[in-house]
Each structure stands twice: as structure tokens, then as C-alpha cells.
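Some notes on the structure that comes next.
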Amino acid sequence: QVQLVESGGGLVQAGGSLRLSCAASGRTTNVMGWFRQAPGREREFVAAISSAGGRTYYADFVKGRFTVSRDNAKNTVFLQMNGLQREDTAVYYCAADRSVVIRTRATEWDYWGQGTQVTVSS
């Protein structure tokens, strides 16, 4: 099993920034990433990073604004979010996948954190 614990969410004004962190423990995983879910909407892919950090993939709506990174020595993955908009308001979930391929469907990922709320005010 893998345990994932997110931190760093909160309330921010539009145009501001937040940095989410996700600490992993337990068995080794490969791809790690972030999803989000707004009220009344399905969980959607945000960003992911390969095990060595050499490959990243982003949803179109965050390209140029969000950056995913990882520190394998600390078993931690990060999501730097800049230029936040009201539409980014959601619960953000850290996820880990045993696959070496970056996948974007939430149902295909193996492990999940409890989520952290991000609220962007105008």
C-alpha cells in the first residue's frame, strides 16, 4: 500500500499562487500526479510526472500556469500553481500510479490522498 498526504491548500485571491505538496510513504510507485474535483463535477486530471521526473504532462487548462515536480529523496511531489483563477477552485487530490505510463483517467490510478481544498476568490 501507499499512503499519500497532501498539504498546502487554502484561500487565495485570483491571480495569486499556491504550492501543494504530497508526501508519499509505503511501497514504491512510478508516476505521481494531481487531480481535482469541483462540486458537482467529475474528478479531472491536472498534471503528472514520471518516476525520475523526466516526463511531465499537463491538462490544457493549466499549461503555462501550473508546474509539477518531485523530490524522490523525500518521496514528495509538488504542484506549483500560479495565476490562479476562480475556476481553479476545487479539492485537489494527489495520486500515485504503479504504471510507468502517464494516464489521465482517474479510474486508472492506484492510490489517492485525502484531498486538500483550494479556493480562489475574486
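Once both labels are positioned 7 Å from their Cα atoms along Cα-to-Cβ, the gap between Asn30 and Trp112 label points is 2.2 nm. Using a simple spin-label model with pseudo-atoms 7 Å out from Cα toward Cβ, Arg98 and Thr67 lie 3.3 nm apart. In this label model, Leu11 and Gln37 are separated by 2.4 nm, measuring between points 7 Å along each Cα→Cβ vector. In a simple Cβ point-charge model (Lys, Arg +1; Asp, Glu -1; nothing else charged), the chain has a dipole of about 160 debye relative to its Cα centre. Segment 105-122 and segment 1-59 have their alpha-carbon centroids 7 Å apart. In the chain, Rg over Rh equals 0.94, where Rg is the alpha-carbon radius of gyration and Rh the Kirkwood radius from pairwise Cα distances.
Using the Karplus relation 6.51 cos²θ - 1.76 cosθ + 1.60 with θ = phi - 60°, the per-residue 3J(HN,Hα) values for segment 111-119 come to 10, 9, x, 7, x, 9, 7, 10, 10 Hz, with x marking Gly and Pro. Take the Cα of Arg55, step 7 Å along the line toward its Cβ, and report every residue of segment 5-40 whose backbone nitrogen sits under 16 Å from that point. Correct set: 29-34.
Take every DSSP beta bridge whose two residues both sit in the chain, then give the antiparallel share in percent to the nearest 5. Here the share of antiparallel DSSP bridges comes out near 90 percent.
3J(HN,Hα) along segment 95-106, derived from phi through the Karplus expression 6.51 cos²θ - 1.76 cosθ + 1.60 where θ = phi - 60°, amounts to 9, 9, 9, 6, 5, 8, 9, 6, 10, 10, 8, 4 Hz, with x in place of Gly and Pro.
Every number here is computed from the coordinates shown, using simple stated rules; none is lab data. Note that the structure is a prediction, hence the values are computed from the model and not measured. With ideal geometry, Cβ positions are generated from the backbone for all residues, glycine too; neighbour counts draw on all protein chains shown.
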